[in-house]
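S.K.: Just passing along the structure, written as structure tokens.
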Amino acid sequence: MSYIEEQLATNIPSSLGARDFMIERLILRDNTIELLRQNGKSQQVEDELLSLAKCECNTGNIFEPTKCKCRAREAHFLVAQFYYDTIQYLKAWQWYSQIKDVDLRALYQLAVMCFEEVSPPECKPGYGVQQAEEKAESWWLLAASDDKNQALMEAMTALAFFYSRKYSNFYNMTKAFEWHYKAAKKGSLESLGAVGSMYLFGLGTKQSLDRAVNYLRDAAERGNVYAMGLLTYCYYTKKLYTKATDLAQKLICLDNVEELSRATCCLPQYIKKGIALSAFVLGRCYELGNGIKPDSKQALKYYRQCFKFDADICSLLQDYVAHQKI
């Protein structure tokens, strides 16, 4: 059995290669182009995928998405994903479009392409960013609201981030919270942490420190580094200094952000924010002797580490200190 056939024989991830597309960031890919270039197997993989996409359902070799029951329908998605990952966007669009009415993953990826403005010129929904975003929103809503209980978790999380963009015409934190909440229920680790942070700061929902801690603890236990960082902040504000320092000391040892991102499917910048938060909290504990022996040199060390990982977080927390919020 070939590698591609093995993929078809198992449960296919909901977004091979382009996992966890979110708003205002690059798609996390498995560096498909470089991998295929090094192995010299790009054409071989493409040919194999195309051969597996031939329908064997006695329909005269004509692929009919609604009638196909063989592996060809799954192979169509893999072919489209291959072209997407290798930046052959016209071909990707064409293959996704063939199955968009029967495969929510394809609909989701078309929305991604539309939002990123990499759809073919003849397929663009209008002129300008507004029209492209409206089309992306409509397709994500379809993928996230399927009435057959097959709604895509990724589409829910994508919508939540879509509505979280502060300076866009679609900014709506209430909607953002609703979609993060739904995605968290479906198992999204990123949205689980986001729900915790929104409860913590009262964004799109009523502020609740207790609910924030519960959601952040769940996300942290599953490996969400940003949630861990926010949890150290929660512990500190609740004066649970020993818990804060214990968790922070574990987090500051993390440094391979890209590897953590791939392992947890969480955004790299939020992993950095989580580490930065924990570093600042630990620095503050060393400065004031909260839960740990005071040490000004160690405090300075961790303040610098906070700045290294995320200057904005460092500036915000310094402002909190100046206004005696922490």
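S.K.: Out of curiosity, is Pro268 surrounded by fewer than 21 Cβ atoms within 10 Å (Cβ to Cβ) and in contact with a Ser or Thr (Cβ under 6 Å, 6 or more places away or on another chain)? Can you show your working first?
M.R.: On the way: surrounded by fewer than 21 Cβ atoms within 10 Å (Cβ to Cβ): yes; in contact with a Ser or Thr (Cβ under 6 Å, 6 or more places away or on another chain): yes.
When the stated conditions are applied, Pro268 passes them.
S.K.: Would you pick out the residues in region 256-281 that are of a type outside the set (A, V, I, L, M) and either over 17 Å from Thr232 (Cβ atoms) or not assigned by TED's automatic domain parsing to the domain that holds Pro294 (or both)? Show your work before the answer.
M.R.: Of all residues in region 256-281, those of a type outside the set (A, V, I, L, M) come to 256, 258-259, 261-262, 264-266, 268-270, 272-274, 278, 280.
Result: Asn256, Glu258, Glu259, Ser261, Arg262, Thr264, Cys265, Pro268, Gln269.
S.K.: Within region 173-202, can you find the residues that are in a loop (DSSP other than H, G, I, E, B) and buried (at least 17 other Cβ atoms within 10 Å of the Cβ)? Step through it out loud before you land on a result.
M.R.: Residues of region 173-202 that are in a loop (DSSP other than H, G, I, E, B), as a first pass: 187-188, 202.
Correct list: Ser188 only.
S.K.: Also, I was wondering about something else. Here are the criteria: (1) in contact with a Phe, Trp or Tyr (Cβ under 7 Å, 6 or more places away or on another chain); (2) over 28 Å from Glu287 (Cβ atoms); (3) charged (D, E, K, R). Tell me which single one Arg222 does not satisfy.
M.R.: All conditions pass for Arg222, except number (1).
S.K.: If you check every pair at least six apart or on different chains, which have Cβ atoms under 7 Å apart with a residue in region 84-107 that is touching a residue at least 24 places away in the same chain (Cβ under 8 Å) and within 20 Å of Lys54 (Cβ to Cβ) first and a residue that is assigned to a loop (DSSP other than H, G, I, E, B) and of a type in the set (Lys, Arg) second?
M.R.: Ala106/Lys100
S.K.: Mind checking which pairs have a first residue in region 291-313 that is assigned by TED's automatic domain parsing to the domain that holds Gln249 and a second that is not in a helix (DSSP H, G or I), Cβ under 7 Å, 6 or more apart or different chains?
M.R.: Tyr302/Ile252; Gln305/Ile252
S.K.: For Phe162, work out the one condition from (1) among the aromatic types (Phe, Trp, Tyr); (2) closer than 30 Å to Leu209 by Cα; (3) surrounded by 21 or more Cβ atoms within 10 Å (Cβ to Cβ); (4) modelled with pLDDT under 85 it doesn't fulfil.
M.R.: Unmet condition: (4).
S.K.: Just a yes or no: is a residue in region 72-86 under 28 Å from the mean Cα position of the chain (by Cα), modelled with pLDDT of 75 or more and outside any helix (DSSP H, G or I)?
M.R.: Just the residues of region 72-86 that are under 28 Å from the mean Cα position of the chain (by Cα), to begin with: 73-86.
Add one more test, that the residue is modelled with pLDDT of 75 or more, and what stays is 73-86.
If we keep only those that are outside any helix (DSSP H, G or I) too, we end up with 86.
Checked region 72-86: at least one residue is under 28 Å from the mean Cα position of the chain (by Cα), modelled with pLDDT of 75 or more and outside any helix (DSSP H, G or I).
S.K.: Starting from residues that are surrounded by fewer than 20 Cβ atoms within 10 Å (Cβ to Cβ) and touching a Leu at 6+ places or on another chain (Cβ under 9 Å), keep the ones in region 95-121 and report whichever is modelled with the highest pLDDT.
M.R.: Restricting to residues being surrounded by fewer than 20 Cβ atoms within 10 Å (Cβ to Cβ) and touching a Leu at 6+ places or on another chain (Cβ under 9 Å), the top hit is Ser97.
The values are calculated or read from the model by the stated rules, or taken from the named source; none is laboratory data. No experiment lies behind these values; they were computed from the predicted model shown. Cβ coordinates were reconstructed from backbone atoms using ideal geometry, including for glycine residues, and neighbour counts include every protein chain displayed.
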